[in-house]
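Notes for the one structure printed next.
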Amino acid sequence: MDTPHTTPADDAAPSKSQRKRDMLELQQLGERLAALAPARLDALGLPDALRTALGAYNRIHAHEGRRRQAQYIGRLMRAVDPAPLRQALADASGDSRAAVARLHRLEDLRAQLLADDAALTDFLAAHPAIDAQPLRAQLRAARSEQAAGRPPKHYRALFQTLKQLLETDDHGNV
């Protein structure tokens, strides 16, 4: 009469297939993280071993080597909480609403700065850590570019500069 009984603990354990799916998902998350810029990876506060493995993944070009490195990254990812990493990837790709809203605020700020010198004064007062001289030079270049009807090289560079300045600024808000 020794019949095996299932316990709630047996039902709670994930199946082998589910564990494989979870590991594959972590591996794919690691591959997408490897595509991020090194500065963004630094901001995530990843463990050193994972950071090194991501850098090595980018240097490997052989298919089998990349596959094995991706597996190693997946194994290292088990020790890391994937939720903030997924959020960072969504922000980096512009998929999240917050990232899209931030880009729209940056576009509006650029338009205000190009339209009015008072906006620049207000912006610099709100962000005293920002060096005004290079920003003024870029604004002048973008304005003259628009007036001459040239391609928007400085206009785009101004956007990137504002984005970078506000990422490194202590306030971090637009």
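Listing for the model above:
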| read-out | value |
| --- | --- |
| Hull volume in cubic angstrom per residue (convex hull over the Cα atoms of the chain) | 179 |
| For a label point 7 Å along the Cα-to-beta-carbon line of residue 42, residues of segment 53-68 with backbone N under 20 Å | 53-59 |
| Contour excess over end-to-end distance, with Cα ends at residue 132 and residue 90 and 0.36 nm allotted per residue | 12.0 nm |
| Point-to-point label distance, residue 49-residue 160, nm (Cα→Cβ direction, 7 Å offset) | 3.7 |
| Ranked 145, 167, 64, criterion: other C-beta atoms within 10 Å, fewest first | 64, 167, 145 |
| Size of charge dipole - the chain - debye, nearest 20, with Cβ of Lys, Arg +1 and Asp, Glu -1, no other charges | 800 |
| Charge dipole of segment 4-147 about the Cα centre (unit charges at C-beta), most positive-ward option of 62, 120, 13 | 62 |
| Per-residue ³J(HN,Hα) for segment 128-133, Karplus 6.51 cos²θ - 1.76 cosθ + 1.60, θ = phi - 60°, Hz, x for Gly and Pro | x, 6, 7, 6, 6, 4 |
| Exposure proxy ranking, count of Cβ atoms within 10 Å, fewest first, for 61, 127 | 61, 127 |
| Cα-based Rg and Dmax for segment 97-168, where Dmax is the largest Cα-Cα distance (Å) | 12.0, 35 |
| Residues residue 147 and residue 98, FRET efficiency given R0 of 45 Å [Cβ-Cβ distance, rounded to 0.05] | 0.85 |
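FYI, it's all coordinate maths here, none of it is from the lab. Small disclaimer: the values here were computed from a predicted structure and weren't measured. All Cβ positions, even for glycine, are placed from backbone atoms using ideal geometry, and neighbour counts span all protein chains on display.
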